[in-house]
Amino acid sequence: MSDAVRLTLDEVRDLARRTLRTVGLAPAQAEAVAETMVAGERDGCASHGVYRLLVAAHSLRSGAVARDAVPRVSEPAAALVRVDGGGGFAQLAFAAGRPLLEAKARANGIAALALTDVVHFAALWPEVEALAAAGLVALAVTPSHAWVAPAGGTRPVFGTNPIAFGWPRAGAHPFVFDFATSAVARGEIELHRRAGRAIPDDWGYDADGRPSTDAAAVLAGAMRTFGGHKGSALAAMVELLAGPLIGEMTSAESLAADAGRGASPRGGELIVALDPAGFLGAAAGAQLARAETVFAAIEAQGARLPSARRYAARARSEIEGVLVPAALYADIIAIGEVE
Ligand code: NDP
Ligand code: PYC
């Protein structure tokens, strides 16, 4: 048997939708979740592509996700949108709040969207990229489960707490970065464990607080932040912005609420959108053009922009489709077989 299965993006979409519907997810939820998995697979983000079908199926079966949640949108203030996800996945809640977030950002120059009571398993770049493609500057943060030790400690406090940023560019894909404040996303360590591969010894500690190259031991111990005390402070910032600021759980509270089920994190996400025209009026276009000199200076010395790899993978996948490891494909097919 070949060790990978080639799928077109339509086949990936169909696989994701069918699998999610098989485990009982309502059509609107399944549609939104499938699209984010297709985007991850298409853009070469293996840890947040169809691998997440295993994670989502487990979360659904464990009862941690409301299968037919309908997000409720409210407006706490002129520049604020709140979406209560009702315990469903974050993707549908974001889709429900996005039009009002964009309208408020254009009306006020800045607006924020708080997603509450959502389950989050995904990458954040689809959200900031969509806002930047609509001409807005965007920032998104979400906590997860307490898996990550603060710099100077060895016991988990933070989630893997990603930060994503998007910037609009005329005639080019938006400038986007999106990374965990841990040394690496947990999904990447899980993929190493599945493949039986060792991890670098600076990704985390085993349960006794010793640096380890054993993926399973680090998953059971504590991950490290990136960049020492700097990543640690950013991880704390994410906890605060998408936790107490919006009345949601911290990563430690999310893990406690999970009660050992091993489901995806449940809590909040904060998304901020800024409209360049709100700050600059008619000068916005000229100022955005000036920003291009920053990108040109990066690329002129052979460095690449964040997301350049992703956009290149996207262009390739749209023509060639994607390769899904055969063992993963078999595990996904098996989800349907046990229902
Ligand atoms: P990486 O460490 O792989 O870094 C990702 C970012 O850095 C991307 O924007 C990437 O661009 C860019 N990048 C990587 N290498 C370079 C380079 N040499 N030069 C310039 N830019 C570069 O990601 P993580 O493992 O930290 O996170 C992966 C994903 O996991 C994220 O999408 C994140 O949202 C998700 N995640 C989600 C969580 C949740 O709770 N929902 C929790 C934690 C992580 P490119 O893509 O083009 O390589
Ligand atoms: O990969 O760290 C991760 C992650 C946590 C929640 C979703 N992805």
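What follows is calculated from the coordinates using simple rules that are stated; it is not laboratory data. In this text, all values refer to a predicted model and were calculated from it rather than measured experimentally. We place every Cβ from the backbone using ideal geometry, glycine too, and count neighbours over all the protein chains shown.
Remarks
- Of all residues in the range 116-136 being buried (at least 24 other Cβ atoms within 10 Å of the Cβ), of a type in the set (A, V, I, L, M) and assigned to a loop (DSSP other than H, G, I, E, B), the one that is farthest from ligand 1 (Cβ to nearest atom): Leu136
- The residue of the range 250-274 that is farthest from Glu102 (Cα to Cα), among those that are of a type outside the set (Ser, Thr, Tyr) and buried (at least 23 other Cβ atoms within 10 Å of the Cβ), is Ala263.
- Filtered residues of the range 313-334 (kept if touching a helix residue (DSSP H, G or I) at 6+ places or on another chain (Cβ under 7 Å) and loosely packed, with under 13 Cβ neighbours inside 10 Å): Glu318
- Residue tally, condition assigned to a strand (DSSP E or B) and not hydrophobic (A, V, I, L, M, F, W, C), over the range 53-106: 6
- When Glu337, Glu299 are checked against the criterion of being loosely packed, with under 14 Cβ neighbours inside 10 Å, free of Cβ contacts under 8 Å to residues at least 24 places away in the same chain and within 16 Å of ligand 1 (Cβ to nearest atom), Glu299 stands alone in meeting it.
- Selection over the range 302-311 of residues that are part of a helix (DSSP H, G or I) and either within 16 Å of ligand 2 (Cβ to nearest atom) or surrounded by 14 or more Cβ atoms within 10 Å (Cβ to Cβ) (or both) gives a count of 3.
- Qualifying residue in the range 279-291 (condition: farther than 30 Å from Thr116 by Cα, within 28 Å of the chain's Cα centre (by Cα) and surrounded by fewer than 17 Cβ atoms within 10 Å (Cβ to Cβ)): yes
- The range 47-73: number of residues that are within 18 Å of Ala93 (Cβ to Cβ) and touching a Leu at 6+ places or on another chain (Cβ under 7 Å): 5
- Pairing residues of the range 181-194 that are free of Cβ contacts under 8 Å to residues at least 60 places away in the same chain with residues that are β-branched (Val, Ile, Thr) and in a helix (DSSP H, G or I), at Cβ distances under 8 Å and at least 6 apart in sequence or on separate chains, gives Thr181/Val238; Ile189/Val218.
- When residues of the range 165-183 are limited to those that are closer than 30 Å to Ser212 by Cβ and in contact with a helix residue (DSSP H, G or I) (Cβ under 7 Å, 6 or more places away or on another chain), the one farthest from ligand 1 (Cβ to nearest atom): Thr181
- Selection status of Ser317, hydroxyl-bearing (Ser, Thr, Tyr) and over 18 Å from the mean Cα position of the chain (by Cα): yes
- Selection within the range 199-229 - of a type in the set (D, E, K, R) and in contact (Cβ under 8 Å) with a residue 12 or more places away in the chain: Asp201, Asp202, Asp206, Asp208, Asp214, Arg224
- Taking the range 167-197 as the range and being among the small types (Gly, Ala, Ser), away from ligand 2 (no atom under 11 Å from the Cβ) and not in a loop (DSSP other than H, G, I, E, B) as the test, only Ala195 passes.
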